[in-house]
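Trainee: Structure provided below as structure tokens; questions to follow.
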Amino acid sequence: DDNKVLNIRTEADVNPGIYYLFNTETEKLTQLFKTHPTIDINQLSPMSPFEFTNRDGVNVTGYFTAPQGKVGDVPLVVMPHGGPHGPRDYWEYSGDIQALASRGYAVLQVNFQGSGGFGNDFEVAGYKEWGRKIQHDIIDATRWALKKGYADKNRVCIFGASFGGYSALMSSIIEPELFKCAIGYVGVYDMNLMWDKGDIGEQDWGEDFLNKVLGTDKETLNAFSPVLQVD
């Protein structure tokens, strides 16, 4: 209560987390425990930030993780984040990414238009663009990484959960030759169901939110629905 002793947690892209006690009077730092003591941090792969200009001239950022520093002749997993509005990818430890990197896969994360943390205009730019601008940013980032020679263009997969799962399917529909596999996990693949079956509309703010970010145009909702674009 007197703030003489603090509990401190450190974390980084190659540090799953370490807890310490810090005495503010003696300035003594004592390690308590590691969150994942069995993980050898020397086997983890650094996450590097990047920035590129998309097809519309907008600066888009993200993170690239190379498997133990290897680039070029490696397979690539593109991993879009969920949300899409509000969440974003961060420079931090990720068990999923490190698991892939430890098996020899490079990983690409994109803070596409619509992501949070980059100002209101950037987030609003993704409204009603779920199956268009957002996916274009993901695709443009993938092509940027391949043009840089970071991975094998013939071994590119896209995987995500929630909105990331939607993006995995939608991006591969827009660019079927770019991705050799697409994995959607707990995603929504029919935009009409966001209105008809989803629980967002049951909230007081839900209908306004869906109107704002999805809209009600049936033709657009169908065009943005992977399940209706299987062919």
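Trainee: Taking a probe of 1.4 angstrom, what is the accessible area of Cys181 in Å², to the nearest 10?
Mentor: Roll a 1.4 Å probe over it and Cys181 shows about 60 Å².
Trainee: Give me the accessible area of Leu214, 1.4 Å probe, in Å² rounded to the nearest 10.
Mentor: It works out to around 10 Å².
Trainee: Once every DSSP H run of n ≥ 4 in the chain is given -39500 (n - 2.57) and the sum is divided by its residues, what mean residue ellipticity at 222 nm do you get, rounded to the nearest 500 deg cm²/dmol?
Mentor: -7000 deg cm²/dmol
Trainee: Percent relative contact order of region 94-214, based on C-alpha pairs within less than 8 angstrom and at least six residues apart?
Mentor: It rounds to 19 percent for region 94-214.
Trainee: Rounded, prolate or oblate: which fits region 6-130 when a ≥ b ≥ c are the square roots of the eigenvalues of the alpha-carbon gyration tensor, with rounded for a/c under 1.5 and prolate only if a/b beats b/c? It would help to have the intermediate numbers written out before the result.
Mentor: Values: a/c = 2.82, a/b = 1.47, b/c = 1.92.
The shape class here is oblate.
Trainee: Let me have the relative contact order for region 1-121, percent, based on Cα pairs under 8 Å that are six or more residues apart. Don't skip to the answer; put the middle values down first.
Mentor: Details: 220 pairs, mean separation 28.4, N = 121.
Averaging sequence separation for qualifying contacts and normalising by length gives 23 percent for region 1-121.
Trainee: How would you rank 15-25, 123-133, highest first, on the average number of other Cβ atoms within 10 Å across their residues?
Mentor: Peptide ranking by packing, descending: 123-133, 15-25.
Trainee: Per residue of region 79-87, in order, report the coupling 6.51 cos²θ - 1.76 cosθ + 1.60 (Karplus, θ = phi - 60°) as ³J(HN,Hα) in whole Hz, putting x for Gly and Pro.
Mentor: With the stated coefficients, region 79-87 comes to 10, x, 7, x, x, x, 9, x, x Hz.
Trainee: Ratio to report: Rg/Rh of region 127-173, with Cα atoms as the point set and Rh obtained by the Kirkwood method; give two decimals.
Mentor: Numbers: Rg = 11.2 Å, Rh = 11.2 Å.
For region 127-173, the value is 1.00.
Trainee: I want to check a number: in the chain, how many lysine pairs have alpha carbons closer than 22 Å, given a sequence separation of 8 or more or different chains?
Mentor: 17
Trainee: Which value, in debye to the nearest 20, describes the size of the charge dipole of the chain about its Cα centre when Lys and Arg Cβ atoms bear +1, Asp and Glu Cβ atoms bear -1, and nothing else is charged? Write down the numbers at each step before the final one.
Mentor: On the way: 20 positive and 31 negative charges, 192 e Å.
The calculated dipole for the chain is roughly 920 debye.
Trainee: Could you tell me what a quarter of the Cα convex hull surface of the chain works out to, in nm² with one decimal place? Walk me through the intermediate numbers first.
Mentor: Values: hull surface 64.4 nm².
Hull-based average projected area comes out at 16.1 nm².
Trainee: Report for the chain the percent antiparallel among DSSP-assigned beta bridges with both residues inside it, nearest 5. Don't jump to the answer; show the numbers that get you there.
Mentor: Details: 25 of 36 bridges.
Expressed as a percentage, antiparallel bridges in the chain total about 70.
Trainee: Would you kindly derive the ³J(HN,Hα) couplings of region 217-231 from the backbone phi angles with the Karplus curve 6.51 cos²θ - 1.76 cosθ + 1.60 (θ = phi - 60°), listing them in order in whole Hz, with x for Gly and Pro?
Mentor: 5, 4, 4, 5, 4, 5, 5, 8, 9, x, 5, 8, 10, 4, 5
Trainee: Where the centre of each part is set by its Cα atoms, how far does region 67-106 sit from region 2-17, in angstrom?
Mentor: Using only Cα atoms to place each centre, the spacing works out to 24 Å.
Trainee: Over all distinct alpha-carbon pairs, what is the Kirkwood Rh of region 68-113 in angstrom?
Mentor: Values: mean 1/r = 0.0858 Å⁻¹.
Its Kirkwood hydrodynamic radius stands at 11.7 Å.
Trainee: Order 30-37, 185-192 from most to least packed using the mean count of other Cβ atoms within 10 Å.
Mentor: Numbers: 30-37: 11.2, 185-192: 17.4.
With the highest mean Cβ count within 10 Å placed first, the list reads 185-192, 30-37.
Trainee: Same structure again: Which value, in debye to the nearest 20, describes the size of the charge dipole of region 89-205 about its Cα centre when Lys and Arg Cβ atoms bear +1, Asp and Glu Cβ atoms bear -1, and nothing else is charged?
Mentor: Working: 11 positive and 16 negative charges, 152 e Å.
It works out to roughly 720 debye.
Trainee: Arrange the residues Leu178, Leu100, Leu228 by how much accessible surface each exposes, largest first, with a 1.4 angstrom probe. Walk me through the numbers before you get to the answer.
Mentor: Details: Leu178 10, Leu100 40, Leu228 85 Å².
Reading off the accessible areas and sorting them downward yields Leu228, Leu100, Leu178.
Trainee: Something else about it: Can you work out ³J(HN,Hα) from phi for every residue in region 102-116, in order, using Karplus 6.51 cos²θ - 1.76 cosθ + 1.60 and θ = phi - 60°, giving whole Hz and x for Gly and Pro?
Mentor: Values, residue by residue: 5, 9, x, 9, 7, 10, 10, 10, 10, 8, 5, 4, x, 5, x Hz.
Trainee: Enter the angle in degrees (range 0 to 90, nearest 10) between the Cα long axis of helix 163-174 and the first principal axis of the Cα atoms of the chain, meaning the one along which they spread out most.
Mentor: 50
Trainee: Looking at region 151-208, which GluC sites (Glu not before Pro) are DSSP coil and have at most 11 other C-beta atoms within 10 Å of their C-beta? Please report the intermediate quantities before stating the final value.
Mentor: Working: sites: Glu177, Glu202, Glu207; in loops: Glu177.
Passing sites in region 151-208 are Glu177.
The values are calculated or read from the model by the stated rules, or taken from the named source; none is laboratory data. What you see is a predicted model; the values in this text were computed from it and never measured. A quick note on method: Cβ atoms are made from the backbone with ideal geometry, for glycine too, and the neighbour counts reach across all protein chains shown. Remember, those area values only see protein heavy atoms, side chains included, never the ligands or the DNA or RNA. Shrake-Rupley method; radii C 1.70, N 1.55, O 1.52, S 1.80 Å.
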